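To start, the structure itself, in structure tokens.
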Amino acid sequence: MIKKDDFIDVYVKLKQRGLKFLTTKLNPRKLERTKSAFNDDQLFASHWWIVPEVRRRWNKLITGDAHIEYEDYLLTQYLNHRSDWSMVSFGSGVCSHEISLAESGVFSKVVCVDIAEKLLNKAETIAKGKGLNEMQFIAQDLYKIDFEEAEFDIVFFHASLHHFADIEALITNKILKILKPNGLVIINEYVGANRMQFPKYQLKAINEAIKLIPQEYRHRYGSNTIKTSVSGPGLIRMFLADPSECVESENILPLLRKYFKTIEEKPYGGNLLMYALKDISHHFQNANSEQMLTLNELFELEDAYLKKHRSDFVFGLYKKP
């Protein structure tokens, strides 16, 4: 229920985001605590996705080319033969991926839905500046929105589906109803352990990865602490920080495979890298030769791990039967 990392994370978040942010986690309303986790347009250096080499690794594993983003891969492989696609994105946040897809010119309608008003407002400003009039932005709980039956060709989730509870009900009561015949569900998602309660063998491998990183690159962003090991998050902190975080992530792939035809699944790891680089990713944003050697060692260790264990992150396409 409570682990060593919980105390470290509270201290680091206090340094990075201040006392005001931490007090939002005492709100008795679960939805408000969830909003506080996302209603912030700042990207902090604790996240592994800020490392360019990590993103190039994702590209390579998903598209086969380190320089081709998955949005371009989607367009080339699946979407370029039409110019009237309609798409809804649930949990779209600042909508960077949705805007990128809308700019392709193959969509007649792109609807972005999220509870984080601040992020959607920023996204709408960007979209208007680009003249993307086909984009719509709805700051509301998706369960309170009544879409038309068979309204969309695509339902899109980028790092958001793992925040939904009762995914089977979401699929049967919402997604299947609003998708057109042969419609697509597209995901780029965390599909690992629920509530990030990693098994012992995974935590052992993550700590082996941390040992590969020279101490000078293990200073946590915004604090004076040095990362030596991780224990993973306790359940109490997971619930307080964001009640929606990874609530049913393990069920995503089995349920999508149950209700849809699998067109493509591309695992791209993250089992070790996400937590090994958490809070120290800023050291590798502009990697020198020594830092590149460290990153390559981490990549090799994760590749070896993935030969025996399923990936925590997957890009996938699924067709409505």
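Summary of computed values
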read-out	value
When each of 144/319; 180/266; 122/320; 261/308; 118/174 is checked by Cα-Cα distance, pairs over 30 Å	122/320
Normalised per residue, the volume of the convex hull around the Cα set of the chain (Å³)	134
Estimated [θ] at 222 nm from DSSP helical runs (n ≥ 4, -39500 (n - 2.57)) normalised by residues in the chain, nearest 500	-11000 deg cm²/dmol
Sites matching chymotrypsin sites (Phe, Trp or Tyr not before Pro) across region 182-224 that sit in DSSP coil, with at most 12 neighbouring C-beta atoms within 10 Å	none
Unit charges on C-beta of K, R, D, E only; dipole of region 263-313, Debye	140
Per-residue Cβ neighbour rank within 10 angstrom, fewest leading, 86, 311	86, 311
Stretch gain in nm, segment residue 56-residue 134, where the contour uses 0.36 nm per residue and the Cα spacing is subtracted	25.1 nm
DSSP-defined antiparallel bridges as percent of all bridges, region 4-319, nearest 5	40
Region 199-279 - Kirkwood radius from inverse mean 1/r over Cα pairs (Å)	15.3
Net charge, residue 319 excluded, C-beta distance under 14 Å - Lys, Arg +1, Asp, Glu -1	+2
Value of Rg/Rh across region 108-168 [Cα atoms, Kirkwood radius]	0.97
Relative contact order, percent, region 4-319 [alpha-carbon distance under 8 Å, six or more residues apart]	23
Given 12 as the ceiling on other Cβ atoms within 10 Å, longest exposed-site-free region of the chain for GluC sites (Glu not before Pro) in DSSP loops	150-321
Spatially proximal aspartates and glutamates relative to residue 3 (Cα-Cα < 18 Å; intrachain offsets below 8 disregarded)	242, 245, 279
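Read the figures in this text as sums done on the coordinates, not as results from a lab. Every value quoted in this text rests on a predicted model; they were computed, and no experiment measured them. Don't worry about glycine lacking a Cβ; one is built from the backbone with ideal geometry, like all the others, and counts go over all protein chains shown.
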